[in-house]
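The values are calculated or read from the model by the stated rules, or taken from the named source; none is laboratory data. Keep in mind the model is a prediction, meaning the values are calculated, not measured. Every residue, glycine among them, receives a Cβ derived from its backbone with ideal geometry; neighbour counts consider all protein chains shown. Protein only, heavy atoms only, side chains kept; ligands, DNA and RNA dropped before computing areas. Shrake-Rupley method; radii C 1.70, N 1.55, O 1.52, S 1.80 Å.
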Amino acid sequence: MNTADRSPVRIGALVPLTQPGWVEAGRHLLAGIELAVDDVNEAGGIVGRPLELVIRDTAADPRRAAAAVDELANLGVCALAGEYHSVVARAAAARADALGLPFLCSSAVLDALTEQPTQWVARLAPAQSRGWQVFADYLLGAGHSRIALAVDQSVYWASGARILRDHLGRHSGTVIELDARSLAPSAVCDELVDNRATALLLLVGYPEPAVSLVEAVRRDRRLAEIMIGAPAGQPEFAEFATLLGQDSAAIPFLRYLPERLSPLGARVDVALRRRLAAMPSFVAFEGYDTIAVLAEMLRSCGVDRDRIAEAWSCITVKGTRGQIRFTRTPGISVWQWVWAPIQVVERNATEPGGFRVLHAG
């Protein structure tokens, strides 16, 4: 890299900031990304050059995301960061692969992020097959063997249902799939009773029909003992608690945080709380770690896209949640941080804003 060059090094950021995207998740993701950029620049930037974000709102729209990748590539960004929604990230990853633009996906978990193996895309979040199997193990350990899935229509939900069905089936679990598009919440309750389910998992959109399903089950006296779970992490965000009040507690979900944050993570946690005026979600830490990784790659490789894409396997970065290294994982088409921490947690009914860890994998 030319040390006399002081022009900005530009990174494109893909974030859902308007509906129907999950705006709260996007806000947390962007807060982590922006905080990391500020930290990089305060430490001298990329060999003296400032790091600059070029932000595009995907609004949970795959076509909009693909168009944003084209635009950002034409604007000369050296890499892409971000995205939360898996189906949107898949569209962005396909376009980045076609254009030869490095893309570090922050938070999307869909295993098949690209149709074919690619050198251009890497991911921080655990693959869905790994995280959702951890959730299935938690269910089995908690004594649940008859599990109902309220399933919405999308590649992401269908993939999650298949992972749960296969893993639970191998351990003598029974899985009942309910079409959340065709069944009203009251009809879902009837199906739960008829099938003697002990757990209902929400594989559905947020806020609806997720909120209505929780309310219907909580108010049905026949289902007083049933557990509601949300492996996709809907209860992670404060809006979930605002909409459901006490009904938001005791709904296990997946989050990607360790038992203890690294020293860097503890410092970032404080800064994110100030920036968000709220407890940061795991998504905010994913955003920070994304920029931390890309900044290290840029310092080592410069801004050439080919050199960046060749470096996924060569770097080791101290992130907020542990040491980050990328490897090729069987069945996963992108470079993957295999050891991202996984927890099953729930909101604590006796401690507003607090969470209780139930299981780690």
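A few remarks follow.
- Charge dipole (Cα centre; +1 on Lys/Arg Cβ, -1 on Asp/Glu Cβ; no other charges) of the stretch 114-259 amounts to roughly 300 debye.
- Solvent-accessible heavy-atom area per residue, rounded to whole Å², over the chain at 1.4 Å: 40
- In the chain, helical runs assigned H by DSSP with n ≥ 4 each contribute -39500 (n - 2.57); averaged across all residues and rounded to the nearest 500, the mean residue ellipticity at 222 nm is -12500 deg cm²/dmol.
- Kirkwood analysis of the Cα pair distances in the chain returns a hydrodynamic radius of 20.8 Å.
- Globularity ratio of the stretch 25-77, using Cα Rg and 2.2 N^0.38 Å: 1.32
- Under a 5 Å amide H cut-off, with hydrogens placed 1.01 Å from N, G229 pairs with L200, L201, L202 among residues at least 5 apart or on other chains.
- Sites count as exposed loop sites when they are GluC sites (Glu not before Pro), lie in a DSSP loop, and have at most 11 other Cβ atoms within 10 angstrom; the longest stretch of the chain without one is 1-114.
- The chymotrypsin sites (Phe, Trp or Tyr not before Pro) found in the stretch 251-340 that occupy coil by DSSP, while having at most 15 further C-beta atoms within 10 Å, are W339.
- All other residues whose Cβ lies under 13 angstrom from that of G160 are scored, Lys and Arg at +1 and Asp and Glu at -1, for a net of -1.
- The residues M227, M297, sorted by heavy-atom accessible surface at 1.4 Å with ligands and nucleic acids left out, run M227, M297 from largest to smallest.
- Counted over the chain, the DSSP beta bridges are approximately 30% antiparallel.
- Distance from the Cα centroid of the stretch 240-276 to that of the stretch 1-57 is 22 Å (rounded to whole angstrom).
- Given their separation in residues at 0.36 nm each and the Cα-Cα distance between them, E225 and L243 gain 4.3 nm when the chain is fully extended.
- Size of electric dipole in the chain: Cβ of Lys, Arg +1 and of Asp, Glu -1, about Cα centre, debye, nearest 20: 560
- Accessible surface, 1.4 Å probe, highest first, among residues R325, R219: R219, R325
- Whole-percent carbon and sulfur share, accessible surface of the chain, 1.4 Å: 49
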